[in-house]
Every structure is written in structure tokens, then in C-alpha cells.
Amino acid sequence: MLNRRSLIGAISAVAILAASGPALAQDQVDIALISKGFQHQFWQAVKAGADQAAADLGVSVTFEGPESESQVDRQMDMLAAALSREPDAIGFAALDSQAALPLLQQANDAGIPIIAFDSGVDSDIPLATATTDNVAAAALAADVMAEKIGGEGKVAVVGHDQTSRTGIDRVEGFVNRMKEAYPNIEVVSIQYGGGDQLQSTEITKSILLANPDLDGIFGSNEGSAIGVANGKQELGSDVVVIGFDSGAAQKSMIENGVMAGAITQNPVGIGYQTVQAAVAALNGEDLPKVIDTGFYYYDATNMDDPEIAAVLYD
């Protein structure tokens, strides 16, 4: 399994990859990346990594995603449009782990290599998936939450969706870790806000009003976590909030104590290694099925540590 925890690690492999395929770099290979979204700062960081890889490897990359991470049909339209131009390779982050299978099969039949990123699909068609180990990352969030609330009490989860692999894995990783390791902590509510801040805020307020003795809430992505923190503030609650991802808003909330901390991925590395893997596939190289891009827990005490700062984004 390939495991690089920073963009520096990804860049260090470029010389080897570039040396193995100079003809591709000269021919301006066309790689289409279809993301789960475009608005969140996470996806802008993924795009930045993809753009950097495109510049380093001499290929052409397009990057697009729907306005909301609930727009599965819109994402399918984007994937179909990308297929119609017959790119050399496609990077795909699935909003629904099964909805795209017919289009991915179409790409596979046409000989277009598929690299999944961030969120995989229920298929062997992708040659590799560049992603965070979301189960392990969410389990770490559960460990931190348990420590913050003293190993007992009640917690809730505001997830971003029930269809993507990341949405499923993060909720299950958190909940299962609680059940296995912390018998005195009860998960009293699991609800989904589509990764939307406003919707997640309203869900959080309803959870808090229904459970006045709640001790903690886990928000499973950037929009969910910000919504949870906003709901906490609007009701004047002192519930412990653990988030996921980074961005200026979450970093500010962690600095001022509204959010205890969060799990950060390596979005720049995800984008970079997706393009890198696509070029490697076009060169006929074997790829690992999972490219582990790493994760960290960060809070106000370690945000400025070089290793952490390198994978945080605004």
C-alpha cells in the first residue's frame, strides 16, 4: 500500500514517474477529474493538488463538481459529458458508490483508465483509489471524543450522506469504535445533513433540544462540522464538537474553542496523487488498489506544528 502523508512525499516520487513516461508529458494527455463538489475549501485544495501535478507532469487536467454534494444526478451528467470528449483518463470521486457504475463500465469498455479519489465505488473498475482511510480516521475521532468527555456519556453524529463511501465509512468508523471500545458511551442519534452547513445547523439544534444531557457531537465533513458548531453556538451549548476536514472556518472555531478539534485529510495530496496515478496507468504501470493519503488529528495545541500545518488548508 502506498502511504504518503504530505504533498512533499507525493512530489518526491515525480522524478521517477516522469522519467518513465516523457512522451505522455509532451503529448498533453487529457485527464478529466469529476469531484463530489466544488464549493467547499476541501475540494479547492484537491483541485490545487491536481493542478500542481498537471504542471509537474506536463498533462492537461480539468476539474469540476456539482454545487452541492447531494446532487448525484448533476454529477452523473458531468461524468457523461466528460466521457463524451473521450479523455485519456478519468479521476472520479463518487457521490453514490453505485449510481455511476454504468458510466464507469462504459469508460472501461472504451479503454479509459479510471482512478477513484476521496470516495470509491462498489466495483473493481477503478485501477486505484487515492483516499483517506476513513474508517480509521473516524475511529480516531471517536477516541478523541471519548477522552474529551471522560469515557462516558451520550454522543451524536451529524453525517454528510449515506451513499458515498466516505459518508458510510466515517459514520461506521466512529460508531463502531464507540461500541467496541467505550461501553459507557451511548450514540443516541445519527442524522444526515448532506454536508450542507445550514441543514446541519438545524439538525444539530434539534438533536440538542431532544437530548439536553448530550456530551458530544461528531460532524463527518467540513460542512457538517461547521453546521454542528454553529448549532452549538446558537443554542449556547457546551457540547464537545469533533469535526472532519479543515478550512478557515473550522480552524477559527478550533482556535476560539467552539470546536475541540478535527481530523484533517491531505486534500492537496489526494488531488496530486490522483493525477500521478492516472499518468502511471497510462504508462502501463501497476498501481496499488488503495493509495493511502493519510490523516491527522489537530487542535489548538498542534495546528502550527510543521507536519500538521502542511496538510491544513484555508
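A few comments on the model shown:
- In this structure, Q162 does satisfy being touching a strand residue (DSSP E or B) at 6+ places or on another chain (Cβ under 9 Å) and surrounded by fewer than 22 Cβ atoms within 10 Å (Cβ to Cβ).
- Every residue from segment 29-44 that is out of contact with any Leu (no Cβ under 9 Å at 6 or more places or on another chain) and farther than 26 Å from N283 by Cα: F38, Q39, H40, Q41, F42, W43, Q44
- Filtering A55, A138 for residues that are within 26 Å of Q199 (Cα to Cα), at pLDDT 95 or above and either buried (at least 20 other Cβ atoms within 10 Å of the Cβ) or over 20 Å from the mean Cα position of the chain (by Cα) (or both) leaves a single hit, A138.
- Just one of (1) in contact with a Pro (Cβ under 6 Å, 6 or more places away or on another chain); (2) without any contact (Cβ under 8 Å) to a residue 24 or more places away in the chain fails for A281. It is (2).
- Note on segment 23-52: residues that are at pLDDT below 85, in a helix (DSSP H, G or I) and more than 15 Å from V275 (Cα to Cα) amount to 2.
- The single condition among (1) at pLDDT below 90; (2) within 24 Å of L104 (Cα to Cα); (3) assigned to a helix (DSSP H, G or I) that E69 does not meet is (3).
- Residue list for segment 80-100, filter: surrounded by fewer than 23 Cβ atoms within 10 Å (Cβ to Cβ) and either hydrophobic (A, V, I, L, M, F, W, C) or part of a helix (DSSP H, G or I) (or both): A80, A81, L83, S84, A99
- Considering the conditions (1) modelled with pLDDT of 95 or more; (2) open to solvent by 30 Å² or more (accessible area, probe 1.4 Å); (3) over 26 Å from A32 (Cβ atoms), E285 is excluded by exactly one of them, (3).
- Single match in A249, A300 (criterion: modelled with pLDDT of 95 or more, more than 19 Å from I114 (Cα to Cα) and either of a type in the set (F, W, Y) or part of a loop (DSSP other than H, G, I, E, B) (or both)): A300
- Checked against (1) within 21 Å of Q39 (Cα to Cα); (2) open to solvent by 40 Å² or more (accessible area, probe 1.4 Å), F244 passes all but a single condition, namely (2).
Here's the yes/no breakdown for (1) open to solvent by 50 Å² or more (accessible area, probe 1.4 Å); (2) free of Cβ contacts under 8 Å to residues at least 40 places away in the same chain:
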residue: L127; (1), (2): yes, no
residue: G151; (1), (2): no, yes
residue: E172; (1), (2): yes, yes
residue: G193; (1), (2): no, yes
residue: S200; (1), (2): no, no
residue: D215; (1), (2): yes, no
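Rundown of residues vs (1) among the aromatic types (F, W, Y); (2) part of a loop (DSSP other than H, G, I, E, B); (3) in contact (Cβ under 8 Å) with a residue 12 or more places away in the chain; (4) under 20 Å from A93 (Cα atoms), yes/no style:
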position: N230; (1), (2), (3), (4): no, no, yes, no
position: Q233; (1), (2), (3), (4): no, no, yes, no
position: M253; (1), (2), (3), (4): no, no, yes, no
position: V258; (1), (2), (3), (4): no, yes, yes, no
position: A262; (1), (2), (3), (4): no, no, yes, no
position: A277; (1), (2), (3), (4): no, no, yes, yes
position: I308; (1), (2), (3), (4): no, no, yes, no
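- Residue check for I291: touching a residue at least 12 places away in the same chain (Cβ under 8 Å), touching a Leu at 6+ places or on another chain (Cβ under 9 Å) and either closer than 24 Å to F38 by Cα or open to solvent by 10 Å² or more (accessible area, probe 1.4 Å) (or both): yes
- Residues that are open to solvent by 10 Å² or more (accessible area, probe 1.4 Å) and either in a helix (DSSP H, G or I) or within 21 Å of N230 (Cα to Cα) (or both), drawn from segment 174-186: V175, N176, R177, K179, E180, A181
The values are calculated or read from the model by the stated rules, or taken from the named source; none is laboratory data. Note that this is a predicted model, so its numbers are computed, not measured. Quick reminder, even Gly has a Cβ in these numbers, built from the backbone with ideal geometry, and neighbours come from all protein chains shown. Areas reflect the complete protein model, heavy atoms only, side chains present, ligands, DNA and RNA absent. Shrake-Rupley method; radii C 1.70, N 1.55, O 1.52, S 1.80 Å.
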